[in-house]
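Participant: First the structure, then my questions, so here it is.
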Amino acid sequence: LSTWRSDSELSRVNAESGRLPVKVSQETLDLVVRSLEITQLTQGGFNIALGPAVEAWRVTEQAHIPGDHELQQLRPLVDWTHIRIEKEAGTIFLPLEGMRLDVGGIGKGYAADRAVEEMKRAGATGGVVALSGDIKTFGVLPDQNGFPVGIRHPREEGALMAILELKD
């Protein structure tokens, strides 16, 4: 599901934008389909087609603020309605060259859900999955109401702002 790894299925989908559909696993297809359902429910507020915008704003690197002209050029590339899914064939197609899927807004939560499923399947009755700031818990610690999770203070090194008891 990574777009950071060039050999991932989503990276292959992105690399073939404007050219051809890419066959993907059922898991990847299901996540993209579910993401598009959420996009429809939020009227585009959640949008996995925002890859070109992430690149333009250079969110992960040195900040860049694109101008109006650049943003207008990006508009069709971030239009989620262009994404083509063929469920029976198991393919995803981005018809416009330069379109890029980015599941960063759902991917870690999905991975955490899958990790919890595997932990439960292995017999765990409680646990914590922490993925780069995304946290999912299930069950509770013995003799406690949940799992204590500290929230770091943004301006005081080593200090906590609060401790939350997370449960399920």
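Participant: So which of GLY105, GLY150, GLY146, GLY133 is within 15 Å of ILE48 (Cα to Cα), at pLDDT below 95 and not aliphatic (A, V, I, L, M)? Even if it seems obvious, please write down each step before you answer.
Facilitator: Numbers: GLY150 fails: within 15 Å of ILE48 (Cα to Cα); GLY146 fails: within 15 Å of ILE48 (Cα to Cα); GLY133 fails: within 15 Å of ILE48 (Cα to Cα).
Answer to the check: GLY105.
Participant: In the range 38-54, which residues are buried (at least 18 other Cβ atoms within 10 Å of the Cβ) and over 25 Å from ALA89 (Cα atoms)? So that I can check it myself, show each step before the final result.
Facilitator: Here is the first cut: in the range 38-54, the residues buried (at least 18 other Cβ atoms within 10 Å of the Cβ) are 39, 47-53.
Answer for the range 38-54, where residues must be buried (at least 18 other Cβ atoms within 10 Å of the Cβ) and over 25 Å from ALA89 (Cα atoms): PRO52, ALA53.
Participant: Another question about this same structure. Which residue pairs have Cβ atoms closer than 8 Å, lie 6 or more positions apart in sequence or on different chains, and pair a first residue in the range 150-168 that is closer than 20 Å to VAL128 by Cα with a second residue that is open to solvent by 100 Å² or more (accessible area, probe 1.4 Å) and modelled with pLDDT of 95 or more?
Facilitator: ILE151/MET161; ARG152/MET161
Participant: Collect the residues in the range 4-32 that are in a loop (DSSP other than H, G, I, E, B), in contact (Cβ under 8 Å) with a residue 24 or more places away in the chain and open to solvent by 50 Å² or more (accessible area, probe 1.4 Å), keeping them in residue-number order.
Facilitator: GLU16, ARG19, LEU20, PRO21
Participant: Of all residues in the range 127-162, count the ones that are open to solvent by 100 Å² or more (accessible area, probe 1.4 Å), under 27 Å from GLY107 (Cβ atoms) and over 24 Å from the mean Cα position of the chain (by Cα).
Facilitator: Here the count works out to 1.
Participant: So SER35 passes all but one of these: (1) at pLDDT 95 or above; (2) open to solvent by 10 Å² or more (accessible area, probe 1.4 Å); (3) hydroxyl-bearing (Ser, Thr, Tyr). Which condition number does it fail?
Facilitator: Status for SER35: all satisfied but (2).
Participant: Looking only at the range 96-113, how many residues end up being closer than 27 Å to ARG75 by Cβ, open to solvent by 50 Å² or more (accessible area, probe 1.4 Å) and not acidic (Asp, Glu)?
Facilitator: Taking the range 96-113 and keeping what is closer than 27 Å to ARG75 by Cβ, we get 96-107.
Filter once more, so that each one left must be open to solvent by 50 Å² or more (accessible area, probe 1.4 Å): 96-97, 100, 104-105.
Filter once more, so that each one left must be not acidic (Asp, Glu): 96, 100, 104-105.
The total comes to 4.
Participant: Which helices (runs of 4 or more DSSP H) sit wholly inside the range 34-140 and have at least 1 residues that are in contact (Cβ under 8 Å) with a residue 24 or more places away in the chain?
Facilitator: Here the list reads 51-57, 107-121.
Participant: Okay, next question. So in the range 52-71, with the set limited to residues that are hydrophobic (A, V, I, L, M, F, W, C) and closer than 13 Å to ASP102 by Cα, which one is modelled with the lowest pLDDT?
Facilitator: Residues of the range 52-71 hydrophobic (A, V, I, L, M, F, W, C): 53-54, 56-57, 59, 63, 65, 71.
Next, from what is left, pick out any that are closer than 13 Å to ASP102 by Cα: 53-54, 59.
On the way: ALA53: 87, VAL54: 83, VAL59: 61.
Checked the range 52-71; the qualifying residue modelled with the lowest pLDDT is VAL59.
The values are calculated or read from the model by the stated rules, or taken from the named source; none is laboratory data. Keep in mind that what you see is a predicted model, and the values were worked out from it rather than measured. Here the Cβ is made from the backbone with ideal geometry for all residues, glycine too, and neighbour counts use every protein chain on show. For accessibility, only protein heavy atoms count, side chains too; no ligands or nucleic acids. Shrake-Rupley method; radii C 1.70, N 1.55, O 1.52, S 1.80 Å.
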